[in-house]
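As structure tokens, the structure follows; a few thoughts come after it.
Nothing in this text is a laboratory measurement; each read-out follows from the coordinates by a stated rule. The shown structure was predicted, so the numbers you read here are calculated from the model rather than taken from an experiment. Cβ coordinates were reconstructed from backbone atoms using ideal geometry, including for glycine residues, and neighbour counts include every protein chain displayed.
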Amino acid sequence: MTTFIKLPKVRSRTGLSATEIYRRISRGAFPKQVQLGAKSVAWVEEEIEAWQQAQIAASRKEDS
């Protein structure tokens, strides 16, 4: 089952500001939000988790 999370939770989980999240989305370096309604967006929780795992893996690779 797909779980959607809103911006405050995305910010809390990633430690990124809203500005930085949208900056990374525009560069293709962060999962894109999903339009839920006319004025409502959210992120797919699993995509955020996958992004986090990729960040960890990339960090570990750089340390080697």
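Do any of 6/61; 32/61; 9/32 go past 22 Å between their Cα atoms, and which?
On the way: 6/61 30 Å; 32/61 25 Å; 9/32 15 Å.
Violating the 22 Å Cα-Cα cut-off are 6/61; 32/61.
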Original post:
Counting other Cβ atoms within 10 Å of each Cβ, which trypsin sites (Lys or Arg not before Pro) in the chain have at most 16 and sit in a DSSP loop?
Top reply: 6, 32, 39
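Please give the calculated 222 nm ellipticity per residue for the chain, where each DSSP H segment of at least 4 residues contributes -39500 (n - 2.57) and the sum is spread over every residue; nearest 500 deg cm²/dmol?
One gets -18000 deg cm²/dmol as the mean residue ellipticity at 222 nm.
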Original post:
Tell me, how many Å apart are the Cα centres for the range 28-61 and for the range 1-27?
Top reply: 7
Subject >> Cut-off under 5 Å, modelled amide H: who pairs with residue 41 long-range >> reply: 36
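Taking only Cα atoms of the chain, what ratio of Rg to Rh do you get with Rh as the Kirkwood inverse-distance radius?
On the way: Rg = 12.5 Å, Rh = 12.5 Å.
Result: Rg/Rh = 1.00.
Please report, in debye to the nearest 20, how large the charge dipole of the range 4-63 is about its Cα centre when each Lys and Arg carries +1 at its beta carbon and each Asp and Glu carries -1 there. Write out the running numbers ahead of the final one.
Details: 11 positive and 7 negative charges, 58 e Å.
With only Lys, Arg, Asp and Glu charged at Cβ, the dipole is about 280 debye.
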**OP:** Enter the angle in degrees (range 0 to 90, nearest 10) between the Cα long axis of helix 45-63 and the first principal axis of the Cα atoms of the chain, meaning the one along which they spread out most.
**Re:** 20
